[in-house]
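See structure below.
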Amino acid sequence: MGVPGIAMNTGRMIPAISFGTGTSFFNRPDAVASHIQAAWDAGFTSYDTATIYGTEQGLGSGLKTLKVERKELFITTKTPDWSWDKESIEKSVRQSLEKLQLDYLDLVLIHTPAPRYDTMRRLGQLTEDEIKQLPDNMDAKVMDNARLQAWIGLQHCVQLGLVKDIGVSNYTVSHLQNLLKHEEVTIVPAVNQVEYNPYLVDRVIFDYCKEHKILVQAFAPLGHGKTLLEDKTMKKIAQKYNKTAAQIALRWAWQLGITTVTKTEKAERMKENLNYFDFNLTDEEMEEISSLNKNERRFGDPARFP
C-alpha cells in the first residue's frame, strides 16, 4: 500500500508523511544522499529539506540515484533566513533547484516569520555585517513588509514555473493574518509547517489554518527525546492496536488532517514510520491523546517575532 495523500487548497496532493533532512542531518549532505535509497525502498515519496539545513545537495544526489520519474516525487524546500525580497527569493529558489538537480519544486515554504540571527551565527552562515543588513526581526512594521515582499517573490516563482505550490513555516495566526490582509497576496499559503505533536497541541493555529484551508504540516511529530514515546497513555493505546507509540502519534496527526515530517537514519524505523494507515483511533482516543498537551516546544516560540 502506498502512502496516501491529502489535497491542498490548490487541489494538488501532498503525501501524508515526508522524509526530513534536518536536525541530525544538518550540514551532512553525504549522509542524506546515502539514506535516500533506503527511504524510497521503505515507501517515502516525499522529501523535505531547507537551504539552512545544508542538505539540498545531498538530497539531490540521493534522488538522482533513484532513477524514478520526477512526477513520482514530492520535494519541499524552504527559503533561507537572509532572503526577504522578490529578487533574493527567486535567486534562492533557483539555487535550491540547482543543488537539488531539479527543474521544479513541488513546495517551497518561507522558513521563518523573521530572520533568526542566533541560528545564522551558530551555523556560521552570515557575517555580523551581513546580519546587520537584514530586516529588524523585532520591528513589526519592517517585518510585515519583509514577509509581504518575500511572499511576492514566491508568487513570482509560481508564475515562472519554478514552484508548484507555496507556503510558510513557523507562522502564527498573527503572521498569517497580517500577510493575508495585503491585496498583493493573490495566492493563499497552501501549507503552514509548524512544530506539532501530542505534547504541543496548538489549537489556535490549527483552527485558523483549517478555517482558511491552509494545510498544517507537523515537524517534530514524535516530540523530543523519548518522553512522548514513553508516555503511559501513548503506550496503552499502542498496545491495543499492536503498534508503537510513534505510530500512534503519526496516526493521531493524520486523523486530524495534519501531514508530518519525520527524520530517522535507521532503515527499520523508516518502514515503521510508514506503517500507520491500517487502523483507526476512536474519537475518545483522539481526544485522550490531544489532552496530553503540555505546550512543550523545542524549537522556540515563533510568537516571539512580531
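In segment 225-244, what count of residues is obtained for those that are in a loop (DSSP other than H, G, I, E, B) and open to solvent by less than 30 Å² (accessible area, probe 1.4 Å)? Let's see the steps before the verdict.
Initial filter on segment 225-244 (in a loop (DSSP other than H, G, I, E, B)): 225-227, 231, 242-244.
Imposing the further condition that a residue be open to solvent by less than 30 Å² (accessible area, probe 1.4 Å) reduces the set to 231.
Count: 1.
Out of contact with any Ser or Thr (no Cβ under 9 Å at 6 or more places or on another chain) and either of a type in the set (A, V, I, L, M) or closer than 13 Å to THR79 by Cβ (or both): which single residue out of HIS156, HIS175, HIS182 fits that description?
Numbers: HIS175 fails: either of a type in the set (A, V, I, L, M) or closer than 13 Å to THR79 by Cβ (or both); HIS182 fails: either of a type in the set (A, V, I, L, M) or closer than 13 Å to THR79 by Cβ (or both).
Just a single option satisfies the conditions, and that option is HIS156.
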- Inspect all residues belonging to segment 68-89 and state whether any of them is assigned to a helix (DSSP H, G or I), modelled with pLDDT of 95 or more and either buried (at least 20 other Cβ atoms within 10 Å of the Cβ) or of a type in the set (Phe, Trp, Tyr) (or both). yes
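Here is a yes/no grid of residues against (1) of a type in the set (S, T, N, Q); (2) under 19 Å from ILE14 (Cα atoms); (3) touching a helix residue (DSSP H, G or I) at 6+ places or on another chain (Cβ under 8 Å); (4) at pLDDT 95 or above:
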residue	(1), (2), (3), (4)
GLN125	yes, no, yes, no
ASP136	no, no, yes, yes
ARG147	no, no, yes, yes
VAL194	no, yes, yes, yes
VAL204	no, no, yes, yes
LEU222	no, no, yes, yes
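Residue-wise test of (1) over 16 Å from ALA190 (Cβ atoms); (2) hydroxyl-bearing (Ser, Thr, Tyr); (3) more than 20 Å from the chain's Cα centre (by Cα).
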position: SER88; (1), (2), (3): yes, yes, yes
position: SER92; (1), (2), (3): yes, yes, no
position: LEU102; (1), (2), (3): yes, no, no
position: VAL108; (1), (2), (3): no, no, no
position: ASP129; (1), (2), (3): yes, no, yes
position: ASN137; (1), (2), (3): yes, no, yes
position: LEU162; (1), (2), (3): no, no, no
- Task: Only residues in segment 2-13 that are among the small types (Gly, Ala, Ser) count as the first member; pair them with residues that are open to solvent by less than 60 Å² (accessible area, probe 1.4 Å) and outside any loop (DSSP other than H, G, I, E, B), Cβ under 6 angstrom, at least 6 apart or cross-chain, and list the lot.
- Result: GLY5/ILE14; GLY5/PRO15
- Does ASP129 satisfy the criteria of being open to solvent by less than 40 Å² (accessible area, probe 1.4 Å) and over 25 Å from THR259 (Cα atoms)? no
- Return only the number of the condition from (1) within 16 Å of ALA218 (Cβ to Cβ); (2) in a loop (DSSP other than H, G, I, E, B) that ARG251 does not satisfy. (2)
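A quick yes/no check of all residues on (1) charged (D, E, K, R); (2) part of a helix (DSSP H, G or I); (3) touching a His at 6+ places or on another chain (Cβ under 7 Å):
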site	(1), (2), (3)
MET143	no, yes, no
ALA146	no, yes, no
GLN149	no, yes, no
LEU154	no, yes, no
VAL158	no, yes, no
ASP165	yes, no, no
GLU183	yes, no, no
THR186	no, no, no
GLN193	no, no, no
- Item | Residue satisfying condition, being among the acidic types (Asp, Glu) and farther than 28 Å from PHE26 by Cβ, within set ASP139, ASP118, ASP103 | ASP139
- Message: I need the full set of residues from segment 51-67 which are open to solvent by 40 Å² or more (accessible area, probe 1.4 Å) and either of a type outside the set (Lys, Arg) or modelled with pLDDT of 95 or more (or both), in order please.
- Response: GLN57, SER61, LYS64, THR65
- In segment 40-67, anything hydroxyl-bearing (Ser, Thr, Tyr), out of contact with any Pro (no Cβ under 7 Å at 6 or more places or on another chain), under 21 Å from ARG122 (Cα atoms) and not in a loop (DSSP other than H, G, I, E, B) is listed as TYR53
- Scanning segment 245-281 residue by residue, the ones that are open to solvent by less than 50 Å² (accessible area, probe 1.4 Å) and free of Cβ contacts under 8 Å to residues at least 12 places away in the same chain total 1
- Query: Listed residues VAL168, VAL204; which is closer than 30 Å to PRO135 by Cβ and more than 15 Å from the chain's Cα centre (by Cα)?
  - Reply: VAL204
- Message: Contact list please: Cβ distance under 8 Å, first residue in segment 20-39 and over 14 Å from PHE219 (Cβ atoms) and in a helix (DSSP H, G or I), second residue open to solvent by less than 40 Å² (accessible area, probe 1.4 Å) and acidic (Asp, Glu), pairs at least six apart or on different chains.
- Response: PRO29/GLU56
- Message: Suppose we filter segment 1-33 for residues that are more than 11 Å from LEU274 (Cβ to Cβ), at pLDDT 95 or above and open to solvent by 30 Å² or more (accessible area, probe 1.4 Å); how many remain?
- Response: 8
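The values are calculated or read from the model by the stated rules, or taken from the named source; none is laboratory data. Note that this is a predicted model, so its numbers are computed, not measured. Methodologically, a virtual Cβ is constructed for each residue, glycine included, from the backbone with ideal geometry; neighbour enumeration extends over all protein chains shown. For the accessible areas, the whole protein counts, side chains as well, though only heavy atoms, and no ligand, DNA or RNA atoms are used. Shrake-Rupley method; radii C 1.70, N 1.55, O 1.52, S 1.80 Å.
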